[in-house]
1. Take Gly41 and tell me if it is in contact with a helix residue (DSSP H, G or I) (Cβ under 6 Å, 6 or more places away or on another chain), among the small types (Gly, Ala, Ser), outside the structural domain of Ser166 (by TED's automatic domain parsing) and in a loop (DSSP other than H, G, I, E, B).
2. Can you tell me which residue among Thr134, Thr168 is loosely packed, with under 14 Cβ neighbours inside 10 Å and assigned to a loop (DSSP other than H, G, I, E, B)?
3. Of the residues that sit in the range 24-67 and are without any contact (Cβ under 8 Å) to a residue 40 or more places away in the chain and of a type in the set (A, V, I, L, M), which one is surrounded by the most Cβ atoms within 10 Å (Cβ to Cβ)?
4. Tell me which residues, restricted to the range 74-92, are part of a strand (DSSP E or B) and farther than 25 Å from Leu164 by Cα.
5. Condition test on Asp101, is it touching a residue at least 12 places away in the same chain (Cβ under 8 Å) and surrounded by fewer than 10 Cβ atoms within 10 Å (Cβ to Cβ)?
6. I'd like to check something: does the range 24-35 contain any residue that is part of a loop (DSSP other than H, G, I, E, B), modelled with pLDDT under 95 and aromatic (Phe, Trp, Tyr)?
Amino acid sequence: MKNVLCTLILLCFAFAQAQLSGTLYDDQKEPIAFASIYVEGTYIGTTTNNSGQYTLTFPENGTYNVVFKSLGYKTQVVEIVLNGAAVTKDITLTEELTTLDAVVITNGEDPAYRIIREAINNREANRKKFSSYTADFYSRGFWYMDDVPEKFLGEEIGDLEGSLDSLTRSGIVYLSETVSEIAYDAPDNFKERIVASKVSGDDNGFSVNSARVPTLTSITII
């Protein structure tokens, strides 16, 4: 009887969730990789993989406005109706042409240097002004591997669960997005509350899922 009850609960949970999947293309029917896809007004979101494919899971059935966004393309908002069955939806984004104003080049000092000097000269005064603060924090970090060998120390590496391109042996193997609320009180009282987090892949112990994490630009393995 207990097994039957557990099975019914799992079935009810499965039907309560809804799933949207598909592929994101440009005007030339080429897939758009690493585009952002999210539900308008929520923290529910995902990104496309190297092949432009995506899968988005919703907590319940209903009508949602899903945003498809990528740099260099016009953002598209699509109304999706979910009623229990999985929905497949391929989307085509139109290229967005951007006109730049004329740029005048001079041999004067970069204005950024003056701002940096002012910040250094007033660092003590600024530190006292901002001894405490709160902020909304968003981060997006990823691990990208380039030209990965097929074997390492005699062991087969494979394609890392489809993360590596079969020809170039390159691709994003870990992706993390985080939304959090942070609060700081001098000198060292720092608090962070994770509001939403999405992780794809294995970080292998080097997490980028927090505002505390220092920046790491690249790692080279010889």
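1. So Gly41 does not fit the description; no.
2. Thr168
3. Ile37
4. Of everything in the range 74-92, those that are part of a strand (DSSP E or B) and farther than 25 Å from Leu164 by Cα turn out to be Gln76, Val77, Val78, Glu79, Ile80, Val81, Leu82, Val87.
5. no
6. yes
This table checks each residue for (1) in the same structural domain as Tyr25 (by TED's automatic domain parsing); (2) assigned to a loop (DSSP other than H, G, I, E, B); (3) under 32 Å from the mean Cα position of the chain (by Cα).
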| residue | (1), (2), (3) |
| --- | --- |
| Thr55 | yes, no, yes |
| Leu97 | no, yes, yes |
| Asn107 | no, yes, no |
| Ala119 | no, no, yes |
| Glu124 | no, no, no |
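The values are calculated or read from the model by the stated rules, or taken from the named source; none is laboratory data. What you are looking at is a predicted structure, and each value in this text was computed from that prediction instead of being measured. Here the Cβ is made from the backbone with ideal geometry for all residues, glycine too, and neighbour counts use every protein chain on show.
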